[in-house]
1. Show the residue pairs meeting these rules: Cβ distance below 9 Å; 6+ apart or different chains; first residue within the stretch E:62-76 and assigned to a loop (DSSP other than H, G, I, E, B); second residue β-branched (Val, Ile, Thr) and surrounded by fewer than 21 Cβ atoms within 10 Å (Cβ to Cβ).
2. Does C:Phe120 satisfy being touching a Leu at 6+ places or on another chain (Cβ under 6 Å), within 16 Å of ligand 6 (Cβ to nearest atom), at pLDDT 90 or above and not in a loop (DSSP other than H, G, I, E, B)?
3. Could you go through the stretch A:331-338 and let me know if any residue there is more than 14 Å from chain F (Cβ to nearest Cβ) and away from ligand 6 (no atom under 16 Å from the Cβ).
4. Which of (1) of a type outside the set (Val, Ile, Thr); (2) touching a residue at least 40 places away in the same chain (Cβ under 8 Å); (3) closer than 18 Å to D:Lys98 by Cα is the odd one out, the single condition E:Gly45 does not satisfy?
5. Evaluate the following for A:Leu167: is it buried (at least 21 other Cβ atoms within 10 Å of the Cβ) and either more than 30 Å from A:Ala315 (Cβ to Cβ) or at pLDDT 90 or above (or both)?
6. For residues that are assigned to a helix (DSSP H, G or I) and either on the phi > 0 side of the Ramachandran plot or within 12 Å of chain C (Cβ to nearest Cβ) (or both), scanning just the stretch B:126-151, find the one that is farthest from ligand 3 (Cβ to nearest atom).
7. Listed residues C:Phe114, C:Phe91; which is more than 14 Å from ligand 6 (Cβ to nearest atom) and in contact (Cβ under 8 Å) with a residue 40 or more places away in the chain?
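The values are calculated or read from the model by the stated rules, or taken from the named source; none is laboratory data. The shown structure was predicted, so the numbers you read here are calculated from the model rather than taken from an experiment. A quick note on method: Cβ atoms are made from the backbone with ideal geometry, for glycine too, and the neighbour counts reach across all protein chains shown.
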Amino acid sequence: MNATQAMFLSLLSPMVLAFILGVIATRVKSDLKFPEELYTALTIYLLVAIGLKGGYKLSISNLSDFWRPGLAAVALGVVIPIVSYYVLRQFGKFNVWNAAAIAAHYGSVSAVTFGEAIAFHDTLKEESLRAAIEAGAVAAGTAADAPAALAVYQAQGLNYEGFLPSLLTIMEVPAILVAIIISRLQASEDSLSSDEGGTMGDVMRELLAGKSTLLLIGFLIIGYVSGKRGWEQVAPWFDAPFRGVLTLFLLEAGLVTGRRLEDLKKVGPFLVGFGILMPVASALAGILAGKLTGMTMAGATVLAVLAASASYIAAPAACRVALPKASPTYYLTASLAITFPFNLIIGLPLYHFLAVKIYGL
Amino acid sequence: MNATQAMFLSLLSPMVLAFILGVIATRVKSDLKFPEELYTALTIYLLVAIGLKGGYKLSISNLSDFWRPGLAAVALGVVIPIVSYYVLRQFGKFNVWNAAAIAAHYGSVSAVTFGEAIAFHDTLKEESLRAAIEAGAVAAGTAADAPAALAVYQAQGLNYEGFLPSLLTIMEVPAILVAIIISRLQASEDSLSSDEGGTMGDVMRELLAGKSTLLLIGFLIIGYVSGKRGWEQVAPWFDAPFRGVLTLFLLEAGLVTGRRLEDLKKVGPFLVGFGILMPVASALAGILAGKLTGMTMAGATVLAVLAASASYIAAPAACRVALPKASPTYYLTASLAITFPFNLIIGLPLYHFLAVKIYGL
Amino acid sequence: MNATQAMFLSLLSPMVLAFILGVIATRVKSDLKFPEELYTALTIYLLVAIGLKGGYKLSISNLSDFWRPGLAAVALGVVIPIVSYYVLRQFGKFNVWNAAAIAAHYGSVSAVTFGEAIAFHDTLKEESLRAAIEAGAVAAGTAADAPAALAVYQAQGLNYEGFLPSLLTIMEVPAILVAIIISRLQASEDSLSSDEGGTMGDVMRELLAGKSTLLLIGFLIIGYVSGKRGWEQVAPWFDAPFRGVLTLFLLEAGLVTGRRLEDLKKVGPFLVGFGILMPVASALAGILAGKLTGMTMAGATVLAVLAASASYIAAPAACRVALPKASPTYYLTASLAITFPFNLIIGLPLYHFLAVKIYGL
Amino acid sequence: MQKFEMKLVVIIAEDELEPRLTKEILSLGARGYSASRVRGEGWHGARKSEWEGENVRIETIVPEPVADSILARVAERYMPHFAVVAYVQTVGILRVEKFV
Amino acid sequence: MQKFEMKLVVIIAEDELEPRLTKEILSLGARGYSASRVRGEGWHGARKSEWEGENVRIETIVPEPVADSILARVAERYMPHFAVVAYVQTVGILRVEKFV
Amino acid sequence: MQKFEMKLVVIIAEDELEPRLTKEILSLGARGYSASRVRGEGWHGARKSEWEGENVRIETIVPEPVADSILARVAERYMPHFAVVAYVQTVGILRVEKFV
Ligand SMILES: Nc1ncnc2c1ncn2[C@@H]1O[C@H](COP(=O)(O)O)[C@@H](O)[C@H]1O
Ligand SMILES: Nc1ncnc2c1ncn2[C@@H]1O[C@H](COP(=O)(O)O)[C@@H](O)[C@H]1O
Ligand SMILES: Nc1ncnc2c1ncn2[C@@H]1O[C@H](COP(=O)(O)O)[C@@H](O)[C@H]1O
Ligand code: NA
Ligand code: NA
Ligand code: NA
């Protein structure tokens, strides 16, 4: 599959199209809106589904393959916010608080972008199997998880690791901590315990008990502990319908993004450029890190997507507590109205393309 | 299958029974109520599911068969509100605004009634296959979409066209525009741009950007564009569970209808009669239009259901903006407490029966 | 399967683990919370699903087997609240109102605990089939509902009766009535029609029209009437995803239980002891009643779970109307923070263990 | 612009009472009301979730005599048995006809 | 602690009007507002569900002249055609700068 | 019917503050409160969705001195750092015992 095909495959998925429809709906001032509660329900569903499946996959995968990519994920989570902060301060002229808050968002990750990356790779697998069947390389009617099918994915580097959701979980928190520490050092005042924002302890608690981290880690463990037997009990609800639910969620994400588009003028061209170039740079780092630590091409691509994605659940909640002086207009607009659509529409096939080149597949 | 059997098949479906349970619940003053947000969520689900599946079916069907039924649908959408308006003014003595608003509702369509019509025909198909297997006409274990099964449906006129959801979409808007134009001409004052209600432009925008139209058209296009590959990704969420979700929705619709029943006295016997006879007349016109334009019997029946159904999502929203002087008591009670249950419980098997007679099958 | 294995099977199910995660989330003061509307939506789903499936199973099962267990269920629903009331008054020193309200809760039943008991037995069935396949007793690939599989369940007493959801429905109401009657007699004043609480008629209406009873009875009838054909239309939504949805519900139940834990101090050690020992006693009575009336071991275990479970949907609503002087702190804390988690985590495998002993299987 | 004085009565009560209270209010002469869901704490403990019950907040603009009879009715029939809080304020409104 | 007097304007109207009303309020000089969903009954019948439409309750704290122009605007543009109720009260606030 | 005067304090703040604010209110002497979710706009921009955060509206009926200490506490601890608006009104209530 060449780059253009992958681009179209991604662009023409119902998920991405639903996102675009959501943006259009706000542009034509449609009265379509999702109740808050539905948004919350969809978020809970997605986080639980990602966590459970990740935990189950972890329970059947080889943990010794895990520690290198795990370290790479932590490293990305530390380096990306530092670089981001420096760029935003130096070239973007943002103040300490805003630079730190934006850096926290770009170092952390977006579970929905991750979900879409997984969905994209599942579609790639289906396509490669279909192509192999048409080419006569495997017998017609080969099941999607038959050994022959796995061999096809393997040959094309599509057989992504089972522990990827663990990387998502690992990368959620560190960047936010790093950004907060930087801001406190830079503000050169020991406000760690001042009223200006929560103490570092508050922030840690907020982060670890924050709903996205709690659900991801919690259900990762539940999935791991309850294993195959547990997974089979809940898979008809959390596995097969996943991409359909994601479609609804991305429709809502499009509505929110559309409303945010007006803020693009307020944040200025620098942040728009940052919101596009920083993810590409991070993605490159992610692919290289993946290759260095021995991941499959698909795994490296997903790591790239994680590196490139900007958080909009965990990080905003943390910044409201830890960096109350930072303006949500900057960090929310950047992560939601620039980087999220960019990754979804262009980034995903682009990073796949880069990974194909780098892996030489 | 004879008329009585079809009647029972329809009446004993969980969907229709859930609706009746909802009505009973309000009669016994149960504390059962659906949160608004759940209602909205179910509506979004149904519209997206209908749109997506319709778009996918359109992408695999022959567009040259489409233009005649399409024109017939538009014609019905223009004629029904004109006739309705005339009847309501002349015999019902309604004032201009109320007559126009009610006419708009009866010319437009109900997506849920449509959904139930499709569900009914899917059940008919399953029954006909079962009967054919029992009769030994096809081999036991024949898949529902095997050529032999399709031949069975074909012979009984059950193989409805893939473009039916497109007809639903087409018929949503014109009747509302027609009714509004009539009312403005009749009020013999050029209030098109006055404060009395939105301008015609406002109304058009409201209609096209209105949530039901936007979701239906939007996902029709998404389904079309993303094709079979896209549909398979989301079908486990939007296809198989459809009738189950519809059951919940109809339970809620029953609750609302039950609360409306008290308004039956307020609207008087004329509107009750209109709410029953007008749909039957429209359905007849629909079947004939379907036959004339070469549709299958099942397709013509669904067109009849569309003609007979009264809108209660798009039309009320439009009338609130365009015809603020019309009373919701009339148009909501008529469409929700009279025509909706009538179509659901009696109309559907009745129109099927009429279609069988007219098609001579 | 021995007791420890069953214990682990139950403890390591995603449902029970999700409940525990919910409790932990409140303990670490997570910001995770479910919107009310989601809670209501999940409740409606579970009640409808239990009712529909129960009705369908009833429609294909032998009604002559039903009347003895049905009578046993009614007897349990009458005896348990009387015993509970006596114990609470005599040894717990509760006043009339609180004793009656708590007794009502313990005599009535919890649909969610029932759902978990069914889920637990379905897992037991899957395990026994797997074990039989591994032991070579049945052929690999035997379908879960093939005659050979049914024989395996049969031999282990796991083939629970189709009418169990009917027992759930039957046991919801009587205990509440009994408890209210006791309290009114005890208060030795004819306040049946006084302003102090609703009249007996109000209470009956409240109970029968109450949402849980109405949905259970209503969909039991719908499932019965629409039979196999109806069930197949909605099963992809109400059957396969059941355990997944239950997982989400139990996560939310864990959040509520966690918030209630603080009230444990307020209610004192007596109620804590009562909330653990009373269910065990009731469960024993349930198993014996099941054995005496000729139920399967699995059926008797589920009857035991019903006897042991305390209501937290129907009973609180009824007590607010009928016994407004009783304190929710007592009855809610007892049923939700003590008995519910006890039954879920320890009770279920314990009652299974007792049933195995008593049935000698 | 001329403004008129009216009374605004606010009742916060357990949500099961909503149908009864709104019926009472209208029968005592109010021409309308608005209602919304609220959580709360008070004498009867926390009412913050569907499990414990929640509260409804009803507000109605009425002439003073109607306000008095609503408060009297609430005090007599509801306060002794249910979780209820009620208060009254003076508000300025534009069109008297709408409320009397 | 020193308190200042301001006007609190409350508008209850059909929820479709929310974007238009909040735009008007801000353009007439209010520095903020709060909005929530309410059910209700009144001249235009019951508005208690998504099918019939529901209402929005908007409250804004403003100086007296702004309150007057908001009420005048509502009376002129909205009351004749829509289901709207509006009232004004006096409230004590702490920081004047926030509202003018 | 005899009515008594009390103060009604209303606080509108970002919803993360709800647990902290209600704890403060009760510890300063209030016997109860009611809380609901509201959207809003103000100095801190729009707070109209789960993504941007929403607001909570807390109302509590208290004796005047308690009202003063609540306002003082809010002004001191919350206003400098968070999106908060607070105001106070006089209301008539029926049963004094319930609020003191
Ligand atoms: N002082 C108060 N101020 C505002 N609302 C209150 C107050 N006391 C009670 N409430 C509300 O009224 C409901 C019933 O009050 P109570 O009967 O005191 O439990 C509570 O759940 C609160 O929502
Ligand atoms: N007297 C009233 N007191 C409080 N709210 C009212 C009153 N009358 C009407 N409302 C509210 O304002 C909305 C529109 O009122 P109306 O135009 O009278 O139908 C109603 O749906 C109620 O929510
Ligand atoms: N003038 C106002 N009137 C009513 N509510 C306001 C006003 N200003 C702000 N608010 C509410 O208070 C919240 C925080 O205000 P602010 O700190 O100004 O952003 C806003 O989101 C609004 O919900
Ligand atoms: Na990132
Ligand atoms: Na029609
Ligand atoms: Na029980």
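1. Close Cβ pairs satisfying both conditions: E:Pro63/E:Val96; E:Pro63/E:Val100.
2. The answer is no for C:Phe120.
3. For the stretch A:331-338, residues more than 14 Å from chain F (Cβ to nearest Cβ) and away from ligand 6 (no atom under 16 Å from the Cβ): present.
4. Every listed condition holds for E:Gly45 apart from (2).
5. Yes.
6. Per the stated criteria, the residue is B:Arg130.
7. Exactly one residue qualifies, and that residue is C:Phe91.
Results for (1) surrounded by fewer than 21 Cβ atoms within 10 Å (Cβ to Cβ); (2) modelled with pLDDT of 95 or more; (3) touching a Pro at 6+ places or on another chain (Cβ under 6 Å), shown as yes or no for each residue.
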position	(1), (2), (3)
F:Lys7	no, yes, no
F:Glu16	yes, no, no
F:Leu28	yes, yes, no
F:Glu50	yes, no, no
F:Glu54	yes, no, no
F:His81	yes, no, yes
